[in-house]
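> Following this message is one structure expressed as structure tokens.
Nothing in this text is a laboratory measurement; each read-out follows from the coordinates by a stated rule. Predicted model, so just to flag it, every value in this text is computed and none were measured. For neighbour counting, all protein chains shown are included, and Cβ atoms are generated from backbone atoms with ideal geometry for every residue, glycine included.
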Amino acid sequence: MSARTAHSRGLVIVGLTQSYNRTSSTPIPLETIAPYVRVGGHYTSKEEPLGATPRYRATEVNRRRRRLCVQIAVICAVLMIATTSHAGSRQRVYVTDSTTALVSVVDPHTNTIVAAISVGTRPWGVVVSPDGRRVYVANQIDGTVSVIDTKTNKVVAVVHGFDLPTHLAATPDGTGVYVTNMRNTTNTVSAIDARTNTIVATISVGVAPSRIVITPDGRRAYVVNSQANSVSVIELATNAVLTIIQVGAQPDGIAITPDGGRVYVLNGGGSTVSVIDTATNTVEPGISLVDTFYPTGHVNISGVVIAITPDGARAFIPLAGGGTFSFVSVIETTFNRPLALFAAAPFVQNVNSASDVAINAEGKRAYLSIPSAGQGASGLVVVIDLKTNTTLAAIPTVGPEPLGIAVTPADDL
């Protein structure tokens, strides 16, 4: 870029002979921005007629000055929008820590914690709104849900009126958030209107409702009843229970395929996975006697949480029984058979089983929240490369007991 300069009403713009468009990197000719030059004591341009009077030249110069100012303003606005849009699209990982009552914010580009947000007492479940603008955190002891603005990483609202809120799910259109009240004397799911941050419905389900998923079309929610060995199906248009599906013993983890066709439920009591056909709301035939299949072929190893890749091809199940490192089972979902078993963070000692798992929208990385098994040690966020099933990073969290984990929408990872 040269040092040529165009002057306009005291404004000096240096080096516009080779400006660049931020999005296309195409040179913008100087003539587009400043089609006149200063010759002697006045401005002129290549369009100026020969022998033009000073009055004509002054009028033409004023006109071009105004055009220049408008073009500069447009260019600056475009650059500002591009910069703001890029900054706002940066992916973040939100991790609750029940001991410190904080939410850690991880930058997945650098695998570092960039913020810690104070929420209610014993935060557990966390969910991100579909547009990535809000994060909802269930605070068990407070009986509240904290609402975080992802642009500022500040709590902008607190919703009251829950009873041991534990896990959450957001509707695909972002207008609703459903929260499980896990106390086994309450046994309800609360519906939040995300536009007003108020509870608009309370739905009775089975005993000790735990995790919850919502179908991609936003029509139904599937709720794990952890002490009833069942799953309640809620019709969201009416906020009423449509049916109850029996699964294996002590169910907890749940995930739904991207097409909404199947729901996977982890049964901790029998180390099995129940697969629900959502078209019929029945459990598909499987390997075991309770219409389930074993995630690793060993009945003494169970899963707690599960996540399915965006293409629906694989399910990732962190397994229980940590202490040295945490295993992850990979399931191929076409035939529901194990593909691989690998260790998460094998180079890190004194870790527990993963308490939650989230996969980014691109399907390239999985994030595991793993509480510490050592006295006074920090918990971890373990980052897994899903192409190679290898650990990329183990990030210490702000406290020893990270529980829930969620990733904001798509980015460039």
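> Name the residue farthest towards the positive end of the dipole of segment 95-407 from the options 115, 269, 165, assuming +1 on Cβ of Lys and Arg, -1 on Cβ of Asp and Glu, about the Cα centre.
The listed residue farthest towards the positive side: 115.
> Please turn the phi angles of segment 136-151 into ³J(HN,Hα) values with the Karplus equation 6.51 cos²θ - 1.76 cosθ + 1.60 (θ = phi - 60°), one per residue in order, whole Hz, x for glycine and proline.
Rounded to whole hertz, the list is 10, 10, 8, 9, 4, 5, 6, x, 10, 10, 8, 10, 10, 7, 6, 6.
> If we count every other residue with Cβ under 11 angstrom of residue 97's Cβ, Lys/Arg +1 and Asp/Glu -1, where does the sum land?
Taking every Cβ under 11 Å from that of residue 97, the sum is 0.
> Mind ordering 250-263, 231-244 by average Cβ neighbours within 10 Å, highest first?
250-263, 231-244
> Using +1 on the beta carbon of Lys and Arg, -1 on that of Asp and Glu, and nothing else charged, what's the dipole of segment 106-234 about the Cα centre, debye to 20?
I would put it at about 60 debye.
> So, one more: So if we plug the beta-carbon distance of residue 152 and residue 175 into 1/(1 + (r/R0)^6) with R0 = 30 Å, what FRET efficiency do we get, rounded to 0.05?
Calculated value: 0.85.
> Express in nm, to one decimal, how much length is gained between residue 198 and residue 111 on full extension, taking 0.36 nm for each residue of separation and deducting their alpha carbon distance.
Answer, rounded to one decimal: 27.9 nm.
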